[in-house]
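One structure is given here, and the rest of the page talks about it.
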Amino acid sequence: MHEGVRHIRFAVLAATAGLALAGCGDESDPGAGSTPSAPGPSTPITSTPTATPGAGPLPITVTRTGGFAGFNDTVVVGTDGIASVTSMGKDPSRCKLDAGFLGKLTDAVNQVDWVSVGVTKPTVRHPDDMIIAVAAGGGLARLDDPKLKPLVAPANQLVTEATKPGNLCKPV
C-alpha cells in the first residue's frame, strides 16, 4: 500500500472526528443534535479535536480503515439516532439506528471517561493494520485502547452492520 493512501485515510479519519466533535454544542444552539455528514477525501483538516469535559455521549464517530481488504468506512451517529454512513469512500447514506441498539451504544459511550481518553491519533502499527477508531465526548482513540473497553462490541457491530443493509439501521 502506498504511503500516500495511508495519509489520505488518516486525513479522512481526523477530519471526520473533528466534524463529529464540532457537532457538540450547548442546547441553545439550533444546530445542536444534527447529524454531521462524513467528509470526502479532499476535506481539509482545520483543527485538532480537544477533550471537552461533560460533553454528551453523542454524536459518536466510528471509523474503520486499512486492513488487507483496504477498508475505508465511517459511521457518524447523531443525537437523534440518525447515522451518516460512508463505506469504501462512496457517497454517504443516512439511516435510523434500531432503538435497542442505540440504547446499548449510548450506554457504552456513557461508561467511557472521555476526558481520560484524550485525543490519541491512531497510527498504523504494521502493514495492513486495520484501525477502528472512535471519537466522542471530546476524545479520540483506537478501539483497542483499554479505556474504550465498554465500546468494543457495539462499535464493532456498528461499523460492520451499518455499512450494509440490514436490521441494525433502516434507511431514512
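Listing for the model above:
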read-out: Summed residue charge, Cβ within 10 Å of residue 98's Cβ, Lys/Arg positive, Asp/Glu negative; value: +2
read-out: Fully extended contour minus Cα-Cα distance, from residue 172 to residue 116, at 0.36 nm per residue; value: 16.6 nm
read-out: Sequence-distant lysines (8 or more away, or on other chains) whose Cα lies within less than 17 Å of residue 164; value: 90, 96
read-out: Burial ordering of 124, 62, 85, fewest other beta-carbon atoms within 10 Å first; value: 124, 85, 62
read-out: Counted charge near residue 148, where neighbours are those whose Cβ lies closer than 11 Å (Asp, Glu -1; Lys, Arg +1); value: 0
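No lab work stands behind these numbers, since they all come straight from the coordinates. Keep in mind that what you see is a predicted model, and the values were worked out from it rather than measured. Because the Cβ atoms are built from the backbone with ideal geometry, glycine has one as well, and the counts that use them run over all protein chains shown.
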